[in-house]
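This report concerns only the one structure given below.
The values are calculated or read from the model by the stated rules, or taken from the named source; none is laboratory data. Quick caveat: nothing in here was measured; it's all calculated off a predicted structure. Cβ coordinates were reconstructed from backbone atoms using ideal geometry, including for glycine residues, and neighbour counts include every protein chain displayed.
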Amino acid sequence: MINHLRRLGVTAVEVLPIHAFVQDRHLLEQSLRNYWGYNTLNFFSIEPRYLSDSSVDDMRIAVRRLHAAGLELILDVVYNHTAEGNEFGPTLSFRGLDNASYYRLVPDNPRHYINDTGTGNTLNLSHPRVLQMVMDSLRYWVTGFHVDGFRFDLGTILGREGHGFDTASGFFDAIRQDPILSRVKLISEPWDPGPGGYQLGNQPPGFAEWNDRFRDGIRRFWRGDEGQRSDFAARLAGSSDIFEHRRRRPWASVNYVASHDGFTLRDIVSYAERHNEANGEDNNDGHADNYSANWGDEGPTTDPAINATRLRLQCALLATVFLAQGTPMLLAGDEFGRTQNGNNNAYCQDNETSWVDWRLAESDEGRLLTDFAARVIALRHRHSVLRCTSFMHGREKPAPDVLDIAWFDEQGQVISPDAWNNPHERTLVLRRAAADADGKVPILTCLFNPTPEDRAFKLPPPRLATRLLLDSADPAGPERDIVGDSLSVQARSVVLLRSVYRP
């Protein structure tokens, strides 16, 4: 697995919760199991099933091997609720020790729990002892195991005070001033089901955030929805409309097209509807709006045209994630076509539905996708303008007649305000430029064609020697020089070009 990750070029691994958890009774009654582990009982213990001999040294060895390979480890942690559920749930620990301190209770009826998490109870981080427990737990994993960061499930819960979400909550203040925790990577899932729970862009500086606006906007754009071009452009530029305040940086936006919660990349282009019947909830669980399409058949098909469209779109979606400003995130297995057969809420499927089938990586399509993912990741590493540390607004001019960021139509013309508002215009050209250490100005241009037809793009001026670095419609195609000032971009694909201005 480590060799595979190194070949891809990723730099960090985020794992689902490893804290000891409890199986949900309603799942066991249906012969199902909690596979994801978002039902924590002990914030200081590793789930015994994940250890070979009940020794936590397994965890230390795993971290050391990842670090030796140049990979960081980020833990997904669940400090928003516990496995004890609501007032009808089992008394396992916290409820029996000090119910009123550990949980948020309904003020005028303290027998009942405030359920801002949707899981039955809400941990009360406003209480100093509960906050101390969470902080001690975080420090334990950093100092005892040398993990490199955390992803906070339902992160807005951690910022909830009596009056609602507060960026100056006790938790946020404590973690930002902590000499150990303030130095590790901090990632928030910036929403919860409670009132006012959607807080994308409102986590404090020092936190990155999962950006579902990126996820949904990118899916809609490549599905071919009308009126998506301006939003797509904003997501490519690091979502500055959401994150550029309080001196935050583009890395604050964690960009992804798929995560564990929802469709896999392959299923986004294979299913128009969720298929969660195996979860035992009459297909009512999971997201209803997936912004997906099946392109002719629902699920697997032998139609070569449909399969070709699906492969091309997977490449285009992968390329978009890694060519955008921000922090890219890749769901395990998406790089070789993992499927959950249309299940977009596979938390209770401890079987082939959720498992990563490494045999897919050895198939012809799996190898092609893996090679393409590694190629676009390598381009991101190679070209610093793809990972700028500050937001671009087209105010700087690193080369004559070249702004740091600019947007063009397929005729090579700067997009006018009226054109931005035209819902029928779909193609887009993004150009970014930044001077390097020796004074040269690399210029990278992305051509996006989400339409079902090949389109002729005219390259925007000035005319410079240009090289094609990537064509998602030809994943294994070589780099080549471009002759002339126009280029045919195939349907549902993205092309990356590079020019260099030398003063």
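Here are the criteria: (1) surrounded by 13 or more Cβ atoms within 10 Å (Cβ to Cβ); (2) at pLDDT below 95. Tell me which single one Leu497 does not satisfy.
Going through the list (1) surrounded by 13 or more Cβ atoms within 10 Å (Cβ to Cβ); (2) at pLDDT below 95, Leu497 breaks only (2).
May I ask you to say which residue of Leu16, Leu28 is in the same structural domain as Tyr140 (by TED's automatic domain parsing) and either touching a residue at least 40 places away in the same chain (Cβ under 8 Å) or touching a helix residue (DSSP H, G or I) at 6+ places or on another chain (Cβ under 8 Å) (or both)?
Details: Leu28 fails: either touching a residue at least 40 places away in the same chain (Cβ under 8 Å) or touching a helix residue (DSSP H, G or I) at 6+ places or on another chain (Cβ under 8 Å) (or both).
Unique residue meeting the criteria: Leu16.
Considering only region 400-411, I want to know if a residue exists there that is closer than 30 Å to Ala374 by Cβ, among the aromatic types (Phe, Trp, Tyr) and buried (at least 20 other Cβ atoms within 10 Å of the Cβ).
Yes, some residue in region 400-411 is closer than 30 Å to Ala374 by Cβ, among the aromatic types (Phe, Trp, Tyr) and buried (at least 20 other Cβ atoms within 10 Å of the Cβ).
A quick yes/no check of all residues on (1) under 20 Å from Gly217 (Cβ atoms); (2) of a type in the set (Ser, Thr, Tyr); (3) not in a loop (DSSP other than H, G, I, E, B):
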site	(1), (2), (3)
Glu298	no, no, no
Thr302	no, yes, no
Ile306	no, no, yes
Thr309	no, yes, yes
Phe322	yes, no, yes
Ala332	no, no, no
Glu352	no, no, no
Leu360	no, no, yes
Leu369	no, no, yes
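If a residue must be under 22 Å from the mean Cα position of the chain (by Cα) and more than 17 Å from Asn115 (Cβ to Cβ), how many such residues does region 68-92 contain?
Qualifying residue count, region 68-92: 8.
Of the residues Gly342, Gly366, Gly337, which single one is within 23 Å of the chain's Cα centre (by Cα), among the small types (Gly, Ala, Ser) and under 20 Å from Glu14 (Cα atoms)?
That would be Gly337, the only listed residue that is within 23 Å of the chain's Cα centre (by Cα), among the small types (Gly, Ala, Ser) and under 20 Å from Glu14 (Cα atoms).
Only one of Ser101, Ser54 is polar (S, T, N, Q) and under 28 Å from Cys348 (Cα atoms); which?
Going through Ser101, Ser54 in turn, just one is polar (S, T, N, Q) and under 28 Å from Cys348 (Cα atoms): Ser54.
From the list Arg359, Arg387, Arg338, Arg375, which residue is surrounded by fewer than 15 Cβ atoms within 10 Å (Cβ to Cβ) and not aliphatic (A, V, I, L, M)? Reasoning before the result, please.
Working: Arg387 fails: surrounded by fewer than 15 Cβ atoms within 10 Å (Cβ to Cβ); Arg338 fails: surrounded by fewer than 15 Cβ atoms within 10 Å (Cβ to Cβ); Arg375 fails: surrounded by fewer than 15 Cβ atoms within 10 Å (Cβ to Cβ).
After applying the criteria, what remains is Arg359.
Quick one: how many residues across region 59-91 are within 27 Å of Val10 (Cβ to Cβ) and among the small types (Gly, Ala, Ser)?
4
For Ser182, are the conditions met, namely being of a type in the set (Ser, Thr, Tyr) and surrounded by fewer than 18 Cβ atoms within 10 Å (Cβ to Cβ)?
Spelling it out, Ser182 is indeed of a type in the set (Ser, Thr, Tyr) and surrounded by fewer than 18 Cβ atoms within 10 Å (Cβ to Cβ).
Among Arg60, Arg129, Arg95, which is modelled with pLDDT of 95 or more, farther than 20 Å from Gly164 by Cβ, loosely packed, with under 13 Cβ neighbours inside 10 Å and of a type in the set (Lys, Arg)?
The match here is Arg129.
Do we have Asp76 as in a strand (DSSP E or B), closer than 27 Å to Lys185 by Cα and charged (D, E, K, R) here?
Yes, satisfied.
Considering each of Pro475, Pro452, Pro460, Pro442 in turn, give the residue that is free of Cβ contacts under 8 Å to residues at least 60 places away in the same chain and in a loop (DSSP other than H, G, I, E, B).
Pro460
Tell me, yes or no, whether region 153-165 has at least one residue that is under 25 Å from the mean Cα position of the chain (by Cα), outside any helix (DSSP H, G or I) and without any contact (Cβ under 8 Å) to a residue 40 or more places away in the chain.
From region 153-165, those under 25 Å from the mean Cα position of the chain (by Cα) are 153-160, 165; that's our starting set.
Those left that are additionally outside any helix (DSSP H, G or I): 153-154, 160, 165.
Next, only the ones that are without any contact (Cβ under 8 Å) to a residue 40 or more places away in the chain stay: 165.
Within region 153-165, one or more residues are under 25 Å from the mean Cα position of the chain (by Cα), outside any helix (DSSP H, G or I) and without any contact (Cβ under 8 Å) to a residue 40 or more places away in the chain.
When region 394-436 is examined, which residues are found to be touching a residue at least 60 places away in the same chain (Cβ under 8 Å), within 18 Å of Arg455 (Cβ to Cβ) and among the small types (Gly, Ala, Ser)?
Gly412 - this is the single residue of region 394-436 that is touching a residue at least 60 places away in the same chain (Cβ under 8 Å), within 18 Å of Arg455 (Cβ to Cβ) and among the small types (Gly, Ala, Ser).
Check Ala100, Ala68 and return the single one that is free of Cβ contacts under 8 Å to residues at least 60 places away in the same chain and closer than 23 Å to Leu186 by Cα.
Result: Ala68 is the single residue among Ala100, Ala68 that is free of Cβ contacts under 8 Å to residues at least 60 places away in the same chain and closer than 23 Å to Leu186 by Cα.
Can you tell me which residues in region 478-490 are part of a strand (DSSP E or B) and more than 21 Å from Val414 (Cβ to Cβ)?
Arg480, Asp481, Ser488
For region 206-268, please list each of the helices (runs of 4 or more DSSP H) lying entirely inside it that holds at least 2 residues being among the acidic types (Asp, Glu) and either under 13 Å from the mean Cα position of the chain (by Cα) or surrounded by fewer than 22 Cβ atoms within 10 Å (Cβ to Cβ) (or both). Steps first, please.
Details: elements: 212-223, 229-236, 240-243, 265-268.
Answer list for region 206-268: 212-223.
Give me the pairs: first residue in region 282-294 and at pLDDT 95 or above, second residue among the aliphatic types (A, V, I, L, M) and assigned to a loop (DSSP other than H, G, I, E, B), beta-carbon distance under 8 Å, and six or more apart or on different chains, which are they?
Close Cβ pairs (under 8 Å, with a partner that is among the aliphatic types (A, V, I, L, M) and assigned to a loop (DSSP other than H, G, I, E, B)) amount to Ser292/Val269; Ser292/Ala272; Ala293/Val269; Ala293/Ala272; Asn294/Val269; Asn294/Ala272.
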